[in-house]
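All remarks here apply to the structure that follows.
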Amino acid sequence: MGKPSIFITRRLPAEVVEPYQEQLDIEMWPEEDEAVDRETLLAEAGRVDGLVTMLTDQVDEELLAAGNSLGIVANMAVGYDNVDVKTAENRGTAITNTPDVLTETTADLTFSLLMAAARRIVEAGNYIKEDAWNHWSPLLLAGTDVHHKTIGIVGMGRIGEAVARRAKGFQMDILYHNRSRKEDVEDEIGARYTSFDELLENADYVVSLAPLTDETRHMFNAEAFQKMKDTAIFINASRGALMDEKALEKALRDEQIAGAGLDVFEEEPIRAGHPLVSMPGVVCLPHIGSATKETRYKMMRLCLDNVVRYFEEKPLLSPVSR
Ligand code: NAP
């Protein structure tokens, strides 16, 4: 039997992919910056034994049905809201994601975003670029403190815990909300479990780190923003659709909350003309939570290791469903 064939939906670095060519017959979409078009993706799904997909690819019923001999889809993200897991399970297609390897890197970015929004770092950098720094004044670019404030983490999972450890270093009070309590985290980090509403009412920084599911879609809506302090800063580092962007815009405009740090948006990429981009007190980033070279390489290798193990009939390293 020949080597299993796989298609990778973006061009990944040769130094990552080459070592796997011994075990796999690998084809890649030639573009690094541009997603594979749907027609090509469907055709490739019908041709190959495995796919390595990105969060920009919809692994839906149509695609899975096109994959006659498709055994595995290795999704290069920890979130898998772009994958129809139920259909994959019914069809017996294995799905893997990339947890753990990106946890600390994404927590670094989440905390940076919080700091940037609190201390107006992007605005302050632009102030110099615009050559506006020609005086000193007592409240020039004055932000708000982070240390000793209260952080509320919605979604105390792997990344939530890593953010909480950083917050502990800043001597913050840590509140969290999950569907289930995590007593080990409460003991280790000193975090306190609260209802969603209690967290919204008490946190100075409300941080969204729950996955996108039917249950979490738009959980940060007008009602939620209304419950937050008018000094609160909202941080979204999970998925854009957890927030109702229109409601967020209104809450910021009406000064129901003070600011936001956003790495993710309901529809990505956003354009420069998006209303949130130019709002005072808002820092917008282009979905770079796990984007360090080290971590992205680990994510790529984890996808390919899962694919190899699947065809060797070994246990998958990070199965979502098998
Ligand atoms: P994880 O370990 O699965 O943590 C997710 C947490 O969310 C769990 O503790 C879960 O606890 C909680 N949760 C699930 N449904 C909830 C609900 N309805 N209400 C409240 N809490 C809920 O995942 P992770 O590795 O930390 O990653 C979290 C998310 O971050 C990913 O799904 C992904 O969307 C996002 N992410 C973004 C970037 C980026 O580039 N910005 C990078 C990596 C990850 P319970 O089950 O007890 O509710």
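Only the coordinates and a few stated rules stand behind these numbers; no lab work does. Remember, it's a predicted structure, so these values are computed and weren't measured experimentally. Here the Cβ positions follow ideal geometry from the backbone for every residue, glycine too, while neighbour counts run over all protein chains shown.
If you plug each phi of segment 143-152 into the Karplus form 6.51 cos²θ - 1.76 cosθ + 1.60 with θ = phi - 60°, what whole-Hz ³J(HN,Hα) values come out, in order, with x for Gly and Pro?
x, 9, 5, 10, 4, 6, 8, 10, 9, x
Tell me the mean residue ellipticity at 222 nm calculated for the chain from its helices only (DSSP H runs of n ≥ 4, each -39500 (n - 2.57), averaged over every residue, nearest 500).
Computed mean residue ellipticity for the chain: -10000 deg cm²/dmol.
Compute for segment 1-142: radius of gyration divided by Kirkwood radius, i.e. Rg/Rh, restricted to C-alpha atoms, rounded to two decimals.
Rg/Rh: 1.20.
Where nothing but the Cβ of Lys and Arg (+1) and of Asp and Glu (-1) is charged, how large is the charge dipole of segment 1-96 around its Cα centre, in debye to the nearest 20?
I would put it at about 360 debye.
What number, in percent, do you get for the relative contact order of segment 174-322 if the mean sequence gap of Cα pairs under 8 Å and at least 6 apart is divided by its residue count?
16
Note the full-extension length gain between Ser278 and Glu130 as 0.36 nm times their separation in residues minus their Cα-Cα distance, in nm to one decimal. List each step's numbers first, then the result.
Numbers: separation 148, 0.36 × 148 = 53.28 nm, distance 1.53 nm.
The span from Ser278 to Glu130 would gain 51.7 nm if fully extended.
Taking springs between alpha-carbon atoms closer than 10 angstrom, which of Gly157, Gly273, Gly92 fluctuates most in the Gaussian network model of the chain?
Gly273
Averaging sequence separations of C-alpha pairs under 8 Å and six or more residues apart, then dividing by the length of the chain, give the relative contact order as a whole percent.
The normalised contact order for the chain reaches 18 percent.
Report, in whole Å, the centroid distance computed from the Cα atoms of segment 249-320 and segment 116-188.
So the separation of the two Cα centres works out to 18 Å.
Return the long-range amide H neighbours of Ala74 (sequence gap of 5 or more, or a different chain), with a cut-off of under 5 Å between placed amide H atoms.
Leu51, Val52, Thr53, Thr96
Points 7 angstrom from Cα along the Cβ direction at Asp33 and Thr87: gap in nanometres?
That separation, rounded to one decimal, is 3.1 nm.
Within segment 248-314, list the GluC sites (Glu not before Pro) lying in a DSSP loop whose Cβ has at most 12 other Cβ atoms in a 10 Å radius.
Details: sites: Glu249, Glu255, Glu266, Glu267, Glu294, Glu312, Glu313; in loops: Glu255, Glu266, Glu267, Glu312, Glu313.
Qualifying residues, ordered by number: Glu255, Glu267, Glu312, Glu313.
Could you compute the FRET efficiency for Lys229 and Leu141, with r as their C-beta to C-beta distance and R0 at 25 Å, rounded to 0.05?
0.70
Could you pull out the trypsin sites (Lys or Arg not before Pro) across segment 181-254 that fall in loop regions by DSSP (anything but H, G, I, E, B) with no more than 13 other Cβ atoms inside 10 Å?
In loop regions of segment 181-254 (DSSP not H, G, I, E or B), the sparsely surrounded trypsin sites (Lys or Arg not before Pro) are Arg181.
May I ask you to evaluate 6.51 cos²θ - 1.76 cosθ + 1.60, the Karplus curve with θ = phi - 60°, for each residue of segment 201-207 and list the ³J(HN,Hα) values in order in whole Hz, giving x for glycine and proline?
Each residue of segment 201-207 in turn: 6, 10, 7, 7, 10, 9, 10 Hz.
If you take every residue apart from Met115 with its C-beta less than 12 Å away from the C-beta of Met115, what net charge results, scoring Lys and Arg +1 and Asp and Glu -1?
Neighbourhood net charge equals +2.
Amide H neighbours of Thr150 under 5 Å, at least 5 residues apart or on other chains, H built in the peptide plane: list them.
The answer is Asp173, Asp204, Tyr205.
How large is the Rg to Rh ratio of the chain when both quantities use alpha carbon positions and Rh follows Kirkwood?
Numbers: Rg = 21.4 Å, Rh = 21.1 Å.
A ratio of 1.01.
Identify which of Phe220, Phe111, Phe170 has the largest mean-square fluctuation in a Gaussian network model of the chain, with springs joining Cα atoms closer than 10 Å.
Phe170
Over segment 14-108, what is the relative contact order in percent, taking alpha-carbon pairs closer than 8 angstrom and at least six residues apart?
Over segment 14-108, the number comes to 23 percent.
Quick one: if the Förster radius is 45 Å, what FRET efficiency do Glu294 and Arg253 give, using the C-beta to C-beta distance and rounding to 0.05?
Details: r = 39 Å, r/R0 = 0.87.
For R0 = 45 Å, the calculated efficiency reads 0.70.
Looking at segment 129-283, how many pairs of lysines come closer than 20 Å at the Cα, when each pair is eight or more places apart or spans two chains?
Total qualifying Lys-Lys pairs in segment 129-283 comes to 8.
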